[in-house]
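Bear in mind these aren't lab numbers, they're just calculated from the coordinates by the rules spelled out. Computed from a prediction, not measured in an experiment: that's the story for all the values here. Virtual Cβ from ideal backbone geometry, glycine too; neighbours counted across all protein chains shown.
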Amino acid sequence: MKKTYRLVEKDKYGNLKTLFYGINKSRILPINKWIKADIKLVSEGVAGKKYLSGFHSLGTLEECLRYSKKFKRKENRYVIPIKIKNIRMKEHSTSTVYLSEYMKIEEPFELTPLSTTLG
């Protein structure tokens, strides 16, 4: 088990959500519960690089904030600490991205807005 950091979206009801793909047809992430990724072969963006999917996260808050600069939309998006299990690296990424089969958001947690600047 490892502590990492993940980008999430917070909806108007306070639910934390994945940015893109959901789990069991929902983007809402449960709190204090291990969830399992739907591992499958997927393609990366325009280049089409194929890899096995999983929950994406980064090793530190700072890395995650730097990584978030790739995204235009910042409103209602945050970095949150998570626990992950069954981990592998996303080898073709230019950042140190972890792919995991399991993840858990544990209370209490701190949400860091994407608007946070690095010191």
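Computed over the chain, the per-residue total of -39500 (n - 2.57) for DSSP H runs of n ≥ 4 gives a 222 nm mean residue ellipticity of -1500 deg cm²/dmol, rounded to 500. Normalised by the number of residues in the chain, the average gap of Cα pairs under 8 Å and 6 or more apart makes the relative contact order 33 percent. All Cα-Cα distances of region 78-119, cut into 10 Å bins from zero to the largest, leave 24, 39, 35, 2 percent in each bin in turn. One decimal place: the segment residue 40-residue 106 gains 21.2 nm when fully extended, by the rule 0.36 nm per residue minus the C-alpha distance. Among residues other than residue 34 with Cβ under 13 Å from its Cβ, the summed charge is +3 (Lys and Arg +1, Asp and Glu -1). Highest average first, the peptides 19-29, 100-110 ordered by how many other beta carbon atoms sit within 10 Å of their residues are 100-110, 19-29. Quotient of the Cα radius of gyration of the chain and 2.2 N^0.38 Å, N being its number of residues: 1.01. What residues qualify as long-range amide H neighbours of residue 57, i.e. H under 5 Å apart, gap of 5 or more or another chain, H built at 1.01 Å from N? Result for residue 57 returns 98. Computed from label points 7 Å out along Cα-Cβ, the spacing between residue 31 and residue 92 is 3.7 nm.
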